[in-house]
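Every number here is computed from the coordinates shown, using simple stated rules; none is lab data. Being a predicted model, the structure only gives us computed values, none of them experimental. Neighbour counts run over all protein chains shown; Cβ positions are idealised from the backbone, glycine included.
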Amino acid sequence: MQIVSSIAAMQRLAKKWQRAGTRIGFVPTMGYLHAGHLSLVRAARKRVGTNGKVVVSIYVNPTQFAPTEDLAKYPRDLKRDLKLLRELGVDVVFTPSDAEMYPGKFENRFSTYIVEEKLSQMMEGASRPTHFRGVTTVVAKLFNIVLPDVAVFGQKDFQQAAIIKRMVADLNFPVKIIVAPTLRERDGLAMSSRNKYLDPEQRAQAVILYHALQAAKAAVKKKSVAGGRLQADLKEFITAAPLARLDYVEFFDPETLEPVKQVKRGTQMALAVFFGKTRLIDNAGL
Ligand code: PAF
C-alpha cells in the first residue's frame, strides 16, 4: 500500500493507471475509520475488481466545518487507519496536508468554491449553512486529483450523497457515484466517527434516532400520515430520551429532497439530534 501526500504525485499515479486502462475506485474519508468506512472500501474494490486500483483519501477538510464546530477536536488516528486499510488491500492512501489542499488560503490565495444551490438548502444545509459548500469543493478537488471511475459514499449522509450526485451530473464529472448502505451498531445506532464523543449515558440514549426511524416506518406501514402530525409525535418520542435535543426531523422525496405533506411508504425521513455538543444524524426510506 502506497501512502501519498502530494497532489502532483497522486495525479501522476492516477494518470498512469488511466493510460493503462486500469479502473480507479475511490473512497473519500475524514479518517478515524470504522466498519462503515471499511464497507465502502469493499464496495469500491468490488466495482473495480482485482485488476483495478482502490484509493482512499484521509483528509479532515477544514472548509466543511463552521468556526464553531469540532474541526480541531475531530478524532484522528492515522496509524490505526493505515493498518486497517492495508489489511483490506487498498492500493493507495492519499493523505494531503491543509497547505497542500488549500495553499495560501489564509493569505487569500484560495478563492474558488463549488456551490450546489438547491438540495443543499434544507436539513443539514439549514443547520450548517457553509457545510455543503466545503464538501462539494473538496470532493471536486479530490476527483480532479484521484481521477476515479467510481466513487463510494455512505447512505448515512444521505443529503451529502444526493448533492454529490447532482454536482457530478451538473458539472459532467466522468465518475460513477455509488451509495452504500449504513452500517449500524448492534442496538441500531448508525456508525459514525462522532459516536466517540458520547459519554456512556448519551451513548445509551443515542439509539433513539434509530428507534424514531423504526417508529415512523411502523406508523406509515398501512396508511399515509400527515407530515406535521408525525413530526410532532416523533419530537415527543425523541425528547423522551432526557439527554436528546432534536435539531430537525424531516420527511421528503428521496430524489428532489423536497418536503412532503403526506408521509407514506417510500418517503425518506432524516433527523439530527444533539447529545450535549455532539450532533448525530440518521435517515431511512420509510
Ligand atoms: O463524508 C465525509 O466524511 C466527508 O464529508 C467527505 C466526503 C470525505 C468530504 O470531506
Exercise. Can you work out ³J(HN,Hα) from phi for every residue in the range 266-274, in order, using Karplus 6.51 cos²θ - 1.76 cosθ + 1.60 and θ = phi - 60°, giving whole Hz and x for Gly and Pro?
Worked result: x, 5, 8, 10, 9, 8, 9, 9, 8
Problem set entry | FRET efficiency, 1/(1 + (r/R0)^6) with R0 22 Å, evaluated for Met1 and Arg23 via beta carbons | 0.80
Exercise. Does a label point 7 Å from the Cα of Glu100, set along Cα-to-beta-carbon, have any residues of the range 131-150 with amide nitrogen under 13 Å, and which are they?
Worked result: 142, 145-146
For this session: Quick one: give the max-minus-min coordinate of the C-alpha atoms of the chain along each principal axis, largest first, in Å.
Result: 56, 40, 35
For this session: Per residue of the range 89-98, in order, report the coupling 6.51 cos²θ - 1.76 cosθ + 1.60 (Karplus, θ = phi - 60°) as ³J(HN,Hα) in whole Hz, putting x for Gly and Pro.
Result: x, 5, 7, 9, 10, 9, 10, x, 8, 4
Exercise. Under 18 Å Cα-Cα from Lys83, which aspartates and glutamates qualify once same-chain neighbours fewer than 8 residues away are excluded?
Worked result: Asp91
Seminar exercise, completed: Given backbone amide H placed at 1.01 Å from N, residues whose amide H is under 5 Å from that of Val263, ignoring those fewer than 5 places away on the same chain, are Val225, Ala226, Gly227
For this session: Mind ranking 235-245, 187-197 by how tightly packed they are, going by the mean number of other C-beta atoms within 10 angstrom, highest first?
Result: 187-197, 235-245
Problem set entry | For Gln2, distant residues with modelled amide H under 5 Å away | Val92, Val93
Problem set entry | Cross-link partners of Lys105 among lysines (Cα-Cα below 29 Å; sequence separation of 8 or more within a chain) | Lys15, Lys73, Lys79, Lys118, Lys141, Lys165, Lys277
For this session: Take the Cα of Arg229, step 7 Å along the line toward its Cβ, and report every residue of the range 239-259 whose backbone nitrogen sits under 20 Å from that point.
Result: 249-253, 259
Exercise. Each label point is 7 Å from the Cα along the Cα-to-Cβ direction; what then is the distance between the points at Lys222 and Glu117, in nm?
Worked result: 4.7
Exercise. Using Cα atoms only, what is the angle between the long axis of helix 158-171 and the major principal axis of the chain, expressed in degrees (0 to 90) to the nearest 10?
Worked result: 50
Exercise. How far apart, in nm, are two points set 7 Å out from the Cα along the Cα-to-Cβ line at Ala169 and at Val260?
Worked result: 1.8
Problem set entry | Those trypsin sites (Lys or Arg not before Pro) in the range 79-179 that DSSP places in a loop and that have at most 14 other beta carbons within 10 Å | Arg109, Lys118
Problem set entry | Loop-resident sites, the range 85-143, for GluC sites (Glu not before Pro), counting at most 14 other Cβ within 10 Å (DSSP) | Glu117
Exercise. Expressed as an acute angle from 0 to 90° and rounded to the nearest 10, what is the orientation of the C-alpha long axis of helix 7-19 relative to the principal long axis of the chain?
Worked result: 80
Problem set entry | Crossing angle, helix 35-48 versus the chain [Cα axis fit, 0-90 degrees, rounded to tens] | 50
For this session: Considering only DSSP beta bridges where both residues belong to the chain, give the percentage that are antiparallel (nearest 5).
Result: 50
